[in-house]
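The values are calculated or read from the model by the stated rules, or taken from the named source; none is laboratory data. Keep in mind the model is a prediction, meaning the values are calculated, not measured. All Cβ positions, glycine included, derive from the backbone under ideal geometry; neighbour counts span all protein chains shown. Just the protein is used for accessible areas: all its heavy atoms, side chains included, with ligands, DNA and RNA removed. Shrake-Rupley method; radii C 1.70, N 1.55, O 1.52, S 1.80 Å.
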Amino acid sequence: MGVVFRCGMEKVTLPFVARGIPAEYELVRSLMTVTSQKRKVLGVLETDAGLFQTVDPTRGTLTGDAAIITELKKSYDVRKIDPANPITESMDALLAVQPSTLSPEAWVHFMDYVKTGNSVIIFEDPFPVFAPSIPGTSATKNAPTNPMFGMMMPPQPLPKANDRELWDLLGVNFARDRIVFQNYNPEVRYRQFPKEFVWIDTALRYENHSVLNQDDIAVSGLQKTLFPHPGYIASLAKSGLTFTPLIRTGVETGCVPYSELLKTNEFGEKRLQPNPRRTLTNESYVLAAKIEGTVTLPAPTKPAPSAVDPSVANAGVTPHDESAEHAGSTDTTRAAMDVIQSGTSTGTAGEPGPQGVQGVAGTPAQTTDAVSSGTIEAKINVLLIADLDCTTNQFFMIREQGTNDDYGIQFDFDNVTMTLNLIDQAMGEERFCEIRSRRRAHRTLSKIDALTKDAETSATKEIEALREEFSKTSTSIQAEANKKLSELQAKLQKQYEKDGQLSETQMVAVVQELAKIKERQARQNEQKIQELTREMEDNIKEIDTRLVRQEQKIQDRYKLWSILLPPIPPLLVSLIVLGVRHSREKEGASRKRVRHAA
């Protein structure tokens, strides 16, 4: 059934209350929203997250608003903020999802707004798992492909903002290319989830305190949240700023480099590595924090006239000359010598650099003098969350479907609740946080978890030992291959020194022989490493299977006890009652009437 609330000219319609959303919360929120005199304004920054309705250029289809935008429009006046221009619009808070994808020009406008002291909610993720189209913090930003010319002209990476400026301003160390993992999974049903799926619940502790800040209404009522491949935030204790952790991990944690998580297959596709190399650090990492205060910054500088005449600055820089690239290529003997010494083909002179600009030695660089005008005071009011997956449509769909025992669906995450609570807090609307967080508590089997912990620790050590052995073997294989290649190069070097000069035929033969040996050696190395990889993966699967069996054995033992032990107390009580009643029946009876009397 649908519900409609009217108050004057305001109207709030609930066409359908999803299974997983508490009806109490939806009714109270709608009632309080419709009776409000004026809705608060929430600005949403346009980034590569693509939260608003857009047209997909590759398919030509229209994509609707993200689920989080649809949800926020129920309570706020949501407005799209274009960072290409200075942000001057009046609003109560600004929501920025993955702002590191902004262009350098848009980044300047975003940073200027952060320094104003207005509320800003930032969701930044070094590895968005549920949104693979969004580049991570340290990943390159690819240009959109044209379906007509995408095969002929591969897209070139677009420039990204220097996000380190934001972390320096906030006085934090943000994990740009580090992913947090945790040896804690309270859900037996989801044991297949990787360790980079970080679980946060009320049972997890840090220094005998809850990992959820109990003094903050936005997170104190949460029961269980899931952070898929999150980063972390570390305070640098910057003067003038207050760093308040809201959500943090336990201590059985570590980090995985971003480069270790993706593996390129034989087709050139990047796949998620199921068992990356994990480094255990045993630290408690902050996943969400509030940063407030005032910092002193250098005042904007005024550019002074350039001391170098533009007409002179480019003196000596000549256009790209293709004929110059091949200068000296007639010396075939020297080219062959370069191949022999380096083992690879040499580049051409005058080749463009990384930026596609031909460098010229001795070219004077243009410099810009600046005149500083003192310092300024910048106010900071930021909520920073080191994960953006909780804002994706997947978690909103999970919340809507709720729990369904008939189909074995038991997802009961508080990710959406956490996201909405944090946004409400930044907007100054904390009245819904308590009722939104209210739901039944489910107690975990702590005794079984404690017994299975030793088995998990042992399995983790075995897996790490296998990885260490694999790394040593791979290194030795590569070292042996390099040794053989070096011996061949030394042999060819001696032959050259002995003959003094190689003919063109000898040069071609040398280069071809060296290329064949390198290709054969690379193929052998790849085959050996693939065999070692398969062997290691098989061993890891065997360890995981053994771990599951051990956990199942522990659970079966407790299940057996739960069947055998409960009937014992009632049986003992019944025997005692029977004995008492039998003894009372003999009291006052004649000895002749008592059976088996002496």
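For GLU551, GLU283, write out the residues from largest to smallest accessible area, computed with a 1.4 angstrom probe and no ligands counted. Provide the component values of the computation, followed by the final result.
Values: GLU551 10, GLU283 95 Å².
Result of the area sort, largest leading: GLU283, GLU551.
So how exposed is VAL295, as accessible area in Å² (1.4 Å probe, rounded to 10)?
Accessible surface of VAL295 is approximately 0 Å².
What FRET efficiency do you get for ASN381 and PHE16 if R0 is 45 Å and r is their Cβ-Cβ distance, rounded to the nearest 0.05?
Values: r = 36 Å, r/R0 = 0.81.
After rounding, the FRET efficiency stands at 0.80.
Would you list which lysines come within 25 Å of LYS559, measuring only between C-alpha atoms, while excluding same-chain residues fewer than 8 positions from it?
Counting by Cα, and skipping residues close in sequence, LYS559 has these lysines nearby: LYS447, LYS453.
Report ARG436's accessible area, 1.4 Å probe, all protein chains in place, as a number in Å² to the nearest 10.
Accessible surface of ARG436 is approximately 20 Å².
Can you sort VAL3, VAL573 by solvent-accessible area, 1.4 Å probe, largest first? Walk me through the numbers on the way to the answer.
Values: VAL3 45, VAL573 85 Å².
Sorted descending by solvent-accessible area, the residues read VAL573, VAL3.
Could you rank VAL219, VAL28 by how accessible they are, 1.4 Å probe, largest area first? Show your work: numbers first, answer last.
Details: VAL219 0, VAL28 50 Å².
Order by accessible area, largest first: VAL28, VAL219.
In nm, to one decimal, how far is the modelled label at ASN282 from the one at ALA509, with both set 7 Å along Cα→Cβ?
Placing both labels 7 Å beyond Cα along the Cβ direction yields 6.4 nm.
Can you give the FRET efficiency for LYS541 and THR242, using 1/(1 + (r/R0)^6), R0 = 60 Å, r = Cβ-Cβ distance, to the nearest 0.05?
Working: r = 48 Å, r/R0 = 0.80.
Efficiency for this residue pair is about 0.80.
Please give the contour-minus-distance gain from LYS40 to LYS491: 0.36 nm per residue of separation, less the Cα-Cα distance, rounded to one decimal in nm. Could the numbers behind the result be given before it?
Values: separation 451, 0.36 × 451 = 162.36 nm, distance 7.81 nm.
Length gained between LYS40 and LYS491: 154.6 nm.
Do the alpha carbons of any pairs in LYS224/LYS263; LYS472/LYS553; LYS160/LYS290 sit beyond 29 Å of each other, and which pairs? Don't skip to the answer; put the middle values down first.
Numbers: LYS224/LYS263 31 Å; LYS472/LYS553 35 Å; LYS160/LYS290 25 Å.
Checking Cα-Cα distances, LYS224/LYS263; LYS472/LYS553 exceed 29 Å.
Heads up, I need the accessible area for ILE463: 1.4 angstrom probe, whole protein in place, Å², nearest 10.
In the full protein context, ILE463 sits at about 20 Å².
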